[in-house]
1. How large is the Kirkwood hydrodynamic radius of region 189-234, counting all unique pairs of alpha carbons, in Å?
2. Scan around Val176 for amide H atoms under 5 Å from its own, H built in the peptide plane at 1.01 Å from N, and keep only partners 5 or more places away or cross-chain.
3. Once you have the Cα-Cα distance between Ala67 and Gln273, take 0.36 nm times their residue separation minus that, and quote the gain in nm to one decimal.
4. Using the beta-carbon distance between Glu41 and Leu138 and R0 = 56 Å, what value does 1/(1 + (r/R0)^6) give for FRET efficiency, to the nearest 0.05?
5. If amide hydrogens are placed 1.01 Å from N in the peptide plane, which non-local residues have theirs closer than 5 Å to the one on Gln36?
6. Holding the Cα-Cα limit at 18 Å, pick out from Lys303/Lys403; Lys291/Lys396; Lys42/Lys99; Lys303/Lys356; Lys356/Lys400; Lys73/Lys274 the pairs that are longer than that.
7. Using only Cα atoms, locate the centre of region 362-414 and the centre of region 79-129, then give the distance between them in Å, rounded to an integer.
8. Search the structure for amide H atoms under 5 Å from the amide H of Gln238, placed 1.01 Å from N in the peptide plane, and list their residues when 5 or more places away or on another chain.
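All of the numbers you see were taken from the coordinates with simple rules; none came from a lab. For clarity, every value in this text was computed on a predicted model and none was experimentally measured. With ideal geometry, Cβ positions are generated from the backbone for all residues, glycine too; neighbour counts draw on all protein chains shown.
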Amino acid sequence: MSIRAMLRVLFVPVFYGGLVGVALCQSKDAEVEAVQGCLAEKSGAFVLDNGWSEEGTLLVGNVAGLASHIGDKLSVTGREYELSKGSGPHQALAVSSYKTILRHQQDGVQPQIGDSRNWSSFRSAKYGVSMRIPSEWLAQAGNKVDVGSNVVKDDGLEFLCSGDVPESTYPGSNYVGGQFALIVGAGIDNAGSCQQFEMTDDPAITLRTIKDISYTEAHTSWVGMGSSHITYSIHTFQNGYCYEILLSFDERDGTGMDDDACSIQWLTSANEQKLLTSLISQMSFSAPQVKNAVQRRLGLQPKATSLQMSPSNLSVGTDIDISWSTEGADYVQLRYPCTRGLDVSGMGGILNPEMKCGTATNANYPADGSGMILLFNRNTGTVPFVLTVVPFQNGKAYGKGAKTVTLDISPDRR
């Protein structure tokens, strides 16, 4: 195609970022370029993200067939032109040909864990639990890894087996490593409390059955420093003990990766779940050598014996200390009604910085505990903050044993 013919193609209307009829600067010196990048479709136009330009390169001309390559890493050859000033790309490429460097896989990357029959074995006769683990995973009995337990009672916790899940588990992906742990929560002596979680991103807990064994599943996640972190927690109550399997994933989220974000495959939730299911399916349970020693006062109805909030004279933005105690409870929930303009933060740490209002809470707390929250009243007048501590036993709420405290919160006048 001649330059004159190519320019006629380039002046067809292009819709991008609200601009119509993008004008290309004519130049007899336009050179043939081969540009690599990730193909995206923005506002009806094809754009190649080449990593060094925030706007990328607008592709025009011979673009037939590109629609089926969205998300692929391509090498595109053509003549490069300057675009008229405005929003969007400052460079355009009149495409003459392209080839695929890396095909985007819609189903992500499958875990490479080998045949489970060749995995290493772990067994705790004391607690009556066995499992098989991929041999290349760095597993050590009693080794406590960075990932923390997610049970509602942290007394009696024991890490039975834990270690690292190597980056090679998902080759060529954004996965950079993870950890696993098998934990027994000897402080829990009933199925109802074992089925619960200290924290979860979703109050609706997932129920699943693997090899006729019932499990509950929840997850927590957070993002920081160019990475995303997600931890799956699965619980089951067997032979008087609460068992927990933790599996964490550290993955690059694309921040600061330039076109590398297109050079790798991205894990999907299904990819993570497949590894989790493979691991859980290798667990088995038998009668433990040592029975759970937790003693419970039979017939004792759980109740909150105290609930305090201080200081009593509040100024907006003041830290509020909370403490509570109970009798006969496995854990508690802290609840408060939703009030328009009243913001409540704290009590959840990095994974759960805000307390959810209403009854669909995403956090459980110890039977006796304390914490700190921060209140902001965005209204023009004083509003009450009504906090209730609800005791739970065996996964059941005991509303009659709840205790409530109210504080009047002045408006934020700053």
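1. About 12.0 Å for region 189-234.
2. Answer set, sorted by chain and number: Asp250, Glu251, Arg252.
3. Working: separation 206, 0.36 × 206 = 74.16 nm, distance 3.01 nm.
Residue separation times 0.36 nm, minus the Cα-Cα distance, leaves 71.2 nm.
4. Using R0 = 56 Å, I get an efficiency of 0.85.
5. It is Val76, by chain and number.
6. Details: Lys303/Lys403 8 Å; Lys291/Lys396 24 Å; Lys42/Lys99 21 Å; Lys303/Lys356 22 Å; Lys356/Lys400 22 Å; Lys73/Lys274 26 Å.
In this structure, Lys291/Lys396; Lys42/Lys99; Lys303/Lys356; Lys356/Lys400; Lys73/Lys274 exceed 18 Å between Cα atoms.
7. 44 Å
8. Tyr243
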